[in-house]
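Only one structure is covered here, and it is reproduced in the block below.
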Amino acid sequence: MARNVAEIQRSEMYLNLCDKDLSVRKTFRAYVTSGVHERATTELFKRVVKWGDVIVDLGANTGYFALFDARLADRSGRTYAFEYESGSYCLLKNIEMNRHRNIVAVQKAFLDTVGKTALHICRYDSGYHTIHHVKVLGHTNPIWLGTGESLLKLKRELSMIFLL
């Protein structure tokens with residue numbers, strides 16, 4: 001495997017172990033060390049996701065669950081992977097690396113409005129980025145917003161919505 005690529009849950013994942021964000025590095029090292037992310041959730045998905053399911057992953061991050069879901073649902077299923085943070089969205093190239101044609105990646109957050117807003121970046125943990133103004137957080141990045149209407153258009157097709 002190429003440098004910074006590891007096999008995690010039978011998928012190849014690009015993991016920048018030298019990322020400038022300490023929390024991201026810690027997450028990636030945990031992936032490599034344990035071979036699993038959020039063990040209980042991963043086990044739940046193994047029991048719940050079936051062949052042909054259509055899943056929405058809101059907050060897809062590196063694509064761990066999108067890749068996992070796509071493999072479980074097989075080619076007849078589909079995963080919609082939404083990730084608003086540009087650093088994480090770039091890592092959704094994991095989808096291409098694994099040649100998944102049943103994952104649709106979208107760089108957008110969901111709220112009750114459409115437009116653009118500021119994402120406040122947490123310096124110490126990428127899991128704490130927020131659109132709510134918090135003084136202790138670092139800089140902001142602009143992000144695009146969408147409403148749940150686009151999800152409602154899929155409602156006949158959806159099996160599960162996963163939000164992290």
Residue pairs, from the table LYS20/LYS50; LYS20/LYS93; LYS46/LYS116, whose Cα atoms sit over 30 Å apart:
LYS20/LYS50; LYS46/LYS116
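When you count, for each residue, the other Cβ atoms within 10 Å and take the mean per peptide, how do 77-83, 33-39 rank with the highest first?
Details: 77-83: 24.3, 33-39: 13.0.
Final packing ranking: 77-83, 33-39.
Each value in this text was obtained by applying a stated rule to the coordinates, not by laboratory testing. Fair warning: this is a prediction, and the values are worked out from it, not measured in the lab. Here Cβ is always computed from backbone atoms with ideal geometry, including for glycine, and neighbour counts include all displayed protein chains.
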